[in-house]
Amino acid sequence: MRLEHTEILIMGAGPSGSVAAGLLRKQGRQVLIIEKETFPRFSIGESLLPQSMEYIEAAGFLQDVIEAGFQYKNGAAFVRGEQRTAFDFRDKFSAGWGTTYQVQRGHFDHVLAKAATKAGAVIRYQEQVTAVDLSGKQPLVTVQSATESYQISARFLLDASGFGRILPRLLQLETPSDFPVRGAYFTHIEDHISGDFDRNKILVSVHPEHHDVWFWTIPFSNGRCSQGVVARPEFLEKYRGNETERLQAIIAEVPTLSAVLKNAVWDTPARQLIGYAANVSSLHGKGFALLGNAGEFLDPVFSSGVTIAVKSAALAAAAIEREFAGETVDWQADYAQPLKAGVDTFRAFVESWYAGGFQDVIFYEEQSNDVRQMISAILAGYAWDTSNPYVAQPRRLKTLEQLCAAPTSAK
């Protein structure tokens, strides 16, 4: 079997893989990416957070993203019954980017992948990793292309395969997520939204009766939007018809969202995703690290997926730079723990959202401006800024929930 050698082998050309490649190429590293699909390809997770722009810029991809013409985004709007509120991410506690984009991920991921190629990374599409051997001096990976099976020896592996979760599957790293099983119906539509709708913000709508059921509406720059609903599987299974008909039926129960989408053209069949939460026993091991969703995925409610992905790419690239320079790197202390700290911040807010407490915080009418700025920073992705009291001690959220609690009858 043919054998190749490279310094860094990345599995997956999505945001974490491409950004990692850009950062590593700036270090002068030799980077090879193996990607199962052909780009562009469909993916959800279209509403970026401003924090992610820092890492896109650091990778050298900012100009590519700006010139792609994506929908500008400056915040998030929330609706629950008659309650409405909005957060402008430029008005936030943490320093850094306050704006970003809402993107069709097929195009966005392709823009990043092409930028990685322009930076000197090699991407091989429609090839699949079928085996990994960590018993030798360097990791040995078996790859299947359309014409042959061959092997690659690499000094270091980065798993950026997202929901493909290559190394967790091959190395038996997968562990059950402690998040309740939820599912989603979602599609892209020609939205024809008129009136005072703010296309610069993601709209998050809460079901008027079931407050753990929520909807995303993510406008794009071309008059289309991503539309989806998230709920427990037993809730979704109550509805009849195909995925599009079920999604439309659930939306019909939400007057505010129905009004927004009254003129929409449902021209793309909806899809279903069930049980997407995932976890692993370790984010690193001998000669490898897991990036983004390949390690842990929480929930789409605060659009944290791409931010966690590119943050993990930045942390891993920094650790690799030190290791290749001859330093001793503690991957648990220098990579896993810092990454997990931000993920755990998001986790606290996601759990509170579904329990209802964070919803009460968001819609509380007498909230101080200082607190709103701290919340805005977390919603903007700054879950690693420990100068923010709600990042340094996420348990403070419990106290805030009690202060903002809605009457029991309203839940």
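Taking the range 152-165 as the search range and keeping residues that are closer than 11 Å to residue 33 by Cβ and under 15 Å from the mean Cα position of the chain (by Cα), which one is surrounded by the fewest Cβ atoms within 10 Å (Cβ to Cβ)? Here the answer is 161. In the range 299-320 there is at least one residue that is over 17 Å from the mean Cα position of the chain (by Cα) and surrounded by fewer than 17 Cβ atoms within 10 Å (Cβ to Cβ). One residue stands out among those in the range 223-269 that are among the acidic types (Asp, Glu) and farther than 12 Å from residue 187 by Cα: the one that is modelled with the highest pLDDT, which is 253.
Report whether or not residue 90 is under 22 Å from the mean Cα position of the chain (by Cα), within 21 Å of residue 379 (Cα to Cα) and exposed (fewer than 14 other Cβ atoms within 10 Å of the Cβ).
Values: under 22 Å from the mean Cα position of the chain (by Cα): yes; within 21 Å of residue 379 (Cα to Cα): yes; exposed (fewer than 14 other Cβ atoms within 10 Å of the Cβ): yes.
Taking the combined requirement at face value, the residue satisfies it.
Quick check on the range 271-288. Is at least one of its residues free of Cβ contacts under 8 Å to residues at least 12 places away in the same chain and of a type in the set (Ser, Thr, Tyr)? If you could, list the steps in order and put the result at the bottom.
Within the range 271-288, the first condition is being free of Cβ contacts under 8 Å to residues at least 12 places away in the same chain, and the residues that meet it are none.
Checking the range 271-288: not a single residue is free of Cβ contacts under 8 Å to residues at least 12 places away in the same chain and of a type in the set (Ser, Thr, Tyr).
Of the listed requirements (1) within 24 Å of residue 317 (Cβ to Cβ); (2) more than 23 Å from the chain's Cα centre (by Cα), residue 168 misses just one: (2).
Please work out if residue 136 is assigned by TED's automatic domain parsing to the domain that holds residue 21, modelled with pLDDT under 95 and more than 24 Å from the chain's Cα centre (by Cα). Before the answer, list the steps.
Details: assigned by TED's automatic domain parsing to the domain that holds residue 21: yes; modelled with pLDDT under 95: yes; more than 24 Å from the chain's Cα centre (by Cα): yes.
So residue 136 fits the description; yes.
Test residue 123 against the stated conditions and say whether it is in contact with a Ser or Thr (Cβ under 7 Å, 6 or more places away or on another chain) and touching a residue at least 24 places away in the same chain (Cβ under 8 Å). Yes. Taken over the range 3-48, the criterion of being over 19 Å from the mean Cα position of the chain (by Cα) and either part of a strand (DSSP E or B) or not assigned by TED's automatic domain parsing to the domain that holds residue 161 (or both) is satisfied by 3, 4, 5, 6, 7, 8, 9, 31, 32, 33, 34. Taking the range 274-284 as the range and being part of a strand (DSSP E or B) and at pLDDT below 95 as the test, the residues that pass are 274, 278, 279, 280.
Are there helices (runs of 4 or more DSSP H) fully within the range 300-411 with at least 1 residues that are over 30 Å from residue 159 (Cβ atoms) and either acidic (Asp, Glu) or in contact with a Gly (Cβ under 7 Å, 6 or more places away or on another chain) (or both)? List them.
Values: elements: 305-324, 337-355, 357-363, 369-379, 389-392, 396-404.
Where helices (runs of 4 or more DSSP H) fall fully within the range 300-411 and carry at least 1 residues being over 30 Å from residue 159 (Cβ atoms) and either acidic (Asp, Glu) or in contact with a Gly (Cβ under 7 Å, 6 or more places away or on another chain) (or both), they are 357-363, 369-379, 396-404.
Could you please let me know if residue 387 is within 29 Å of residue 315 (Cβ to Cβ), over 21 Å from the mean Cα position of the chain (by Cα) and hydroxyl-bearing (Ser, Thr, Tyr)? So residue 387 fits the description; yes. Selection of first residues in the range 5-18 that are acidic (Asp, Glu) and of second residues that are part of a strand (DSSP E or B), restricted to Cβ pairs under 8 Å at least 6 apart or on distinct chains, gives the following pairs, ordered by first then second residue: 7/31; 7/154; 7/155; 7/156.
Matching residues to (1) free of Cβ contacts under 8 Å to residues at least 24 places away in the same chain; (2) closer than 23 Å to residue 49 by Cβ; (3) of a type in the set (Ser, Thr, Tyr):
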| position | (1), (2), (3) |
| --- | --- |
| 173 | no, no, no |
| 184 | no, yes, no |
| 190 | no, no, no |
| 194 | no, no, yes |
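Screening the range 361-400 for residues that are acidic (Asp, Glu) and surrounded by fewer than 19 Cβ atoms within 10 Å (Cβ to Cβ) and picking the one that is modelled with the highest pLDDT gives 370.
Pick out the one residue from 174, 148, 127 that is loosely packed, with under 13 Cβ neighbours inside 10 Å and among the charged types (D, E, K, R). If you could, list the steps in order and put the result at the bottom.
Working: 174 fails: loosely packed, with under 13 Cβ neighbours inside 10 Å; 127 fails: loosely packed, with under 13 Cβ neighbours inside 10 Å.
The unique qualifying residue is 148.
Of the numbered criteria (1) under 27 Å from residue 231 (Cα atoms); (2) without any contact (Cβ under 8 Å) to a residue 60 or more places away in the chain; (3) of a type outside the set (Val, Ile, Thr); (4) in contact with a helix residue (DSSP H, G or I) (Cβ under 6 Å, 6 or more places away or on another chain), the one residue 293 fails is (2).
The values are calculated or read from the model by the stated rules, or taken from the named source; none is laboratory data. On a predicted model such as this, the values are computed, not experimentally measured, just so you know. Here the Cβ is made from the backbone with ideal geometry for all residues, glycine too, and neighbour counts use every protein chain on show.
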